[in-house]
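The values are calculated or read from the model by the stated rules, or taken from the named source; none is laboratory data. Values in this document were obtained by computation on a predicted structure and should not be read as measured data. No Cβ is skipped: glycine too gets one built from the backbone with ideal geometry, and neighbour counts run over all protein chains shown. When the accessible area is computed, the model is the full protein with side chains, heavy atoms only, and any ligands, DNA or RNA have been set aside. Shrake-Rupley method; radii C 1.70, N 1.55, O 1.52, S 1.80 Å.
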Amino acid sequence: MIARGPIGNLSTGGYAAAVTRVAIIGAGFGGIAVAHQLRQAGYRDLTIFERAPEVGGVWRDNLYPGCACDIPAPLYSYSFAPNPEWTRRFPPRAEILDYLRACVRDFGLTAHLRLGTEVVEAAWTGSAWRVVTAAGAEEFDVLIPAMGQLSRPVIPVLPGAAEFGGIAMHTAQWDASVDLTGRRVAVLGTGASAIQLVPAIAGQAAHVTVLQRTPPWTLPKPDRRYGRLRRALHRRVPVVLRAARAGTWLLTVVTGKAVTGSRLAQVVVGTISRTQRAIQGRGLAGVRPDYALGCKRVLFTGDWYRTLRRPDVSLVTSDVDRLTPAGVRTADGVEHPVDVLVYGTGFAATEFLAPVRVHGRTGPLDAEWRDGAYAHLGIAVPGFPNLFLMYGPNTNTGNTSVVYFHESQARYIVQAVRHVDAHGPVEVRREVAEAFDAEIQRRLARSVWTACSSWYRTATGRVVTNWPGMAGEYRARTKVFRPADYAPAGQFQGTSAPNGLGSRSQ
Ligand SMILES: Cc1cc2nc3c(=O)[nH]c(=O)nc-3n(C[C@H](O)[C@H](O)[C@H](O)COP(=O)(O)OP(=O)(O)OC[C@H]3O[C@@H](n4cnc5c(N)ncnc54)[C@H](O)[C@@H]3O)c2cc1C
């Protein structure tokens, strides 16, 4: 059972909100956070559209063996719902999914859910959002997409894919009925999912071939079991769990400083990473990254190098040339026999809100975002009144908990909805959003994320996923909804579509 903590400044304080109809798209960590905080603020006309038959987001979808969080759960959970029952510091995905299910139940959100209902289109009518699903169209005053950045798997188009005679699946579309016992498995990619999967299946599969394009920077994963006594302590003395959360926070500040430019933190984190590789990866060829630390996601692991040393695991660093009926051929001409090919190839992270067709006051969102997604504070887009994003552009973090960002957004959005309730539809001022974007892109241009290609960037190189600073800065900047940053949407009615993104930086 989840402990319920205070949730800051969001109590209703006698304020009764009844009229505003709110649609939330997505029931992952983000959608659940904002729905809960809106309910706490007195909003009851909430509809949460979720395309899957159940809640949970990535923790529902990523069924691959070994899937677990890589930020300690005391921080990778809601501050207002600490969970004394975690069985590990880095619990497996099933436990995180159970936590989210319990949150939905305990927060009273079940009745608000519309499961198995995919939103395909949303259009601003001039006074409301018309949301279209297979069941028809409905109108809402406020639209909150909480669709995640990592919810659409990417599978590369490889020559010969149609000829491949084995089973192929993405880590996020895992077919649990496929028994890997005694099979030859190839894993394409060495990102965050692959680094969890490979150690989990080595030994069960007859052989695992790891097809690596770039070796990851790694850090030791200080995982540990929370035994019965520790859990009892978490239950009875909540300050212990709060201290674990604070301790994790401090550690993520160091890793955050390392990726956002502090030379000292880079030296400290780089030294830890190199030492881990020198000790655990001794004698292994092809595991040394040749790009800057933090440019791609730094991965936490305790068993990656040990697994690569196993006789039944091979690390292949030659590029994949094509698939063949019997397996995978690499550029060095070697054919690797494969029964099961696993794509650990990540997600379409830069394509926010796709494939939903979103049409605002000024036109389609695709047009507004033709140079890459952007939003004021990652939340509000000019031309799109009463639309507030969770985990929107430039709000991802590679070093701390995304849930911390979700909470910041949810608090801000509650204030925005209250403002809408009192004053009618609002839209972020274009000059405010563009100035914010210019600042963020200026900072990102100097960041480590422009030093290599990664899922953080669009094809043109613009970093659209990541927040350039520390999480604390994001919390501070989203603490207060500033009405001056917005204008009544009615003020724009009848004006023509803006020509532009001229002042936006690349
Ligand atoms: C394997 C994995 C491990 C991760 N580990 C960590 C970690 O340790 N720490 C960390 O901070 N982050 C981690 N992340 C990042 C993760 O994306 C976030 O932490 C967080 O879970 C995102 O929550 P969300 O609700 O914003 O998005 P999601 O969890 O992606 O949820 C989005 C929801 O929207 C639904 N949806 C999408 N489109 C529609 C539509 N058109 N209509 C209706 N419903 C729709 C989806 O079905 C989904 O349920 C991990 C991601 C993955 C994939």
Checklist line | Interchain or long-range residues, amide H under 5 Å from R88's placed H | finding: Y226
Margin query: For the chain, what does the helix formula give at 222 nm: sum of -39500 (n - 2.57) over DSSP H segments with n ≥ 4, over the residue count, nearest 500 deg cm²/dmol?
Written below: -8500 deg cm²/dmol
Margin query: What lysines does K296 reach when the alpha-carbon gap must be under 16 Å and sequence neighbours fewer than 8 apart in one chain are set aside?
Written below: K257
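I'd like the carbon and sulfur percentage of the solvent accessible area for the chain, probe radius 1.4 Å, heavy atoms only, ligands and nucleic acids excluded.
On the way: 11060 of 20390 Å².
Summing carbon and sulfur atoms, their accessible area is 54 percent of the total for the chain.
Hey, what did the chain get for relative contact order, percent, Cα under 8 Å, at least 6 apart? Write down the numbers at each step before the final one.
Details: 1047 pairs, mean separation 96.3, N = 506.
Relative contact order here is 19 percent.
Nearest 0.05, what FRET efficiency do A438 and R242 give at R0 = 45 Å with Cβ-Cβ as r? Intermediate results must be reported in sequence, preceding the final value.
On the way: r = 38 Å, r/R0 = 0.85.
That pair, A438 with R242, gives E of 0.70.
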Checklist line | the stretch 149-174 residues near the modelled A331 label - backbone nitrogen below 19 Å, point 7 Å along Cα→Cβ | finding: 156-161
Checklist line | Other-chain or far-sequence residues with amide H under 5 Å of D321's (modelled H) | finding: R329, T330, A331
Notebook entry, point to check: Given the protein chains as shown and a 1.4 Å probe, how many square angstrom of M470 are accessible, to the nearest 10?
Noted result: 50 Å²
Item checked: Cysteines without a disulfide-compatible neighbour (Cβ-Cβ under 4.7 Å), the chain -> C67, C69, C103
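Hey, got the dipole for the chain? About the Cα centre, +1 on K and R Cβ, -1 on D and E Cβ, debye to the nearest 20?
Details: 57 positive and 39 negative charges, 421 e Å.
For this selection, approximately 2020 debye.
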Checklist line | H359, H336, H170, ranked by accessible area, largest first (probe 1.4 Å) | finding: H359, H336, H170
Next item on the list: Express in whole angstrom the spacing between the alpha-carbon centres of the stretch 377-456 and the stretch 109-185.
Entry: 23 Å
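Please give the peptides 473-483, 29-39 ranked by average Cβ packing (other Cβ atoms within 10 Å per residue), highest first, as a rough proxy for protection.
Working: 473-483: 15.3, 29-39: 27.1.
So the peptides 473-483, 29-39, ranked by packing, come out 29-39, 473-483.
In what order, largest first, do V239, V55 sit by accessible area if the probe radius is 1.4 Å?
V239, V55
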Margin query: I'd like the accessible area for V253, computed on protein heavy atoms only with a 1.4 Å probe and all protein chains in place. Round to 10 Å², please.
Written below: 40 Å²
Check: Between rounded, prolate and oblate, where does the stretch 38-97 land on the alpha carbon gyration tensor, with a ≥ b ≥ c its root eigenvalues, rounded for a/c under 1.5, else prolate if a/b exceeds b/c?
Finding: oblate
Next item on the list: Per residue of the stretch 301-317, in order, report the coupling 6.51 cos²θ - 1.76 cosθ + 1.60 (Karplus, θ = phi - 60°) as ³J(HN,Hα) in whole Hz, putting x for Gly and Pro.
Entry: 7, x, 10, 5, 5, 4, 5, 5, 7, 5, x, 9, 10, 10, 9, 10, 10
Item checked: Distance in nm between pseudo-label sites at A137 and I272 (7 Å out along the Cβ direction from Cα) -> 5.3 nm
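Please compute the length gained on full extension between D106 and T317, using 0.36 nm multiplied by the number of residues separating them and subtracting their Cα-Cα distance.
On the way: separation 211, 0.36 × 211 = 75.96 nm, distance 4.81 nm.
Full extension from D106 to T317 adds 71.2 nm.
State in Å² the accessible area per residue of the stretch 165-323; use a 1.4 Å probe, count heavy atoms of protein chains only, and round to the nearest integer. Please report the intermediate quantities before stating the final value.
On the way: 7760 Å² over 159 residues.
Each residue of the stretch 165-323 exposes 49 Å² on average to a 1.4 Å probe.
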Margin query: Just to be sure I understand the model, the point goes 7 Å from the Cα along the line to the Cβ. What's the resulting E121 to D175 distance in nm?
Written below: 3.4 nm
Item checked: Cα-based convex hull volume of the chain per residue, rounded to whole Å³ -> 152 Å³
Next item on the list: Once you have a ≥ b ≥ c as the square roots of the Cα gyration tensor eigenvalues for the stretch 200-318, tell me rounded if a/c is under 1.5, and otherwise prolate or oblate according to whether a/b is larger than b/c.
Entry: oblate
Check: By accessible area of protein heavy atoms, probe 1.4 Å, what ranking do E431, E138 get, highest first?
Finding: E431, E138
Item checked: R0 of 30 Å, Cβ-Cβ distance R213-D366: FRET efficiency to nearest 0.05 -> 0.50
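Under 1.5 on a/c is rounded, so check that first for the stretch 80-195, then, if it is not, pick prolate when a/b is larger than b/c and oblate when it is not; a ≥ b ≥ c are the square roots of the alpha carbon gyration tensor eigenvalues.
On the way: a/c = 2.68, a/b = 1.36, b/c = 1.97.
Because a/c hits 1.5 or more and a/b fails to exceed b/c, the stretch 80-195 counts as oblate.
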Notebook entry, point to check: For the residue pair L250 and L229, what label-to-label distance in nm results when each label sits 7 Å from Cα along the Cα-to-beta-carbon direction?
Noted result: 2.3 nm
Check: List the aspartates and glutamates whose alpha-carbon lies under 19 Å from that of K221, not counting same-chain residues fewer than 8 positions away?
Finding: D70, E95, D303
Check: Which whole-Hz ³J(HN,Hα) couplings does the stretch 45-51 yield from phi under the Karplus relation 6.51 cos²θ - 1.76 cosθ + 1.60, θ = phi - 60°, glycine and proline marked x?
Finding: 8, 10, 10, 10, 7, 9, 5
Next item on the list: Mind listing the long-range amide H neighbours of Y486? Cut-off is under 5 Å, sequence gap 5 or more, other chains count too, H placed in the peptide plane at 1.01 Å from N.
Entry: R429
Check: For the stretch 185-193, in order, what is each residue's ³J(HN,Hα) by Karplus, 6.51 cos²θ - 1.76 cosθ + 1.60 with θ = phi - 60°, in whole Hz (x at glycine and Pro)?
Finding: 10, 10, 10, 8, x, 10, x, 4, 6
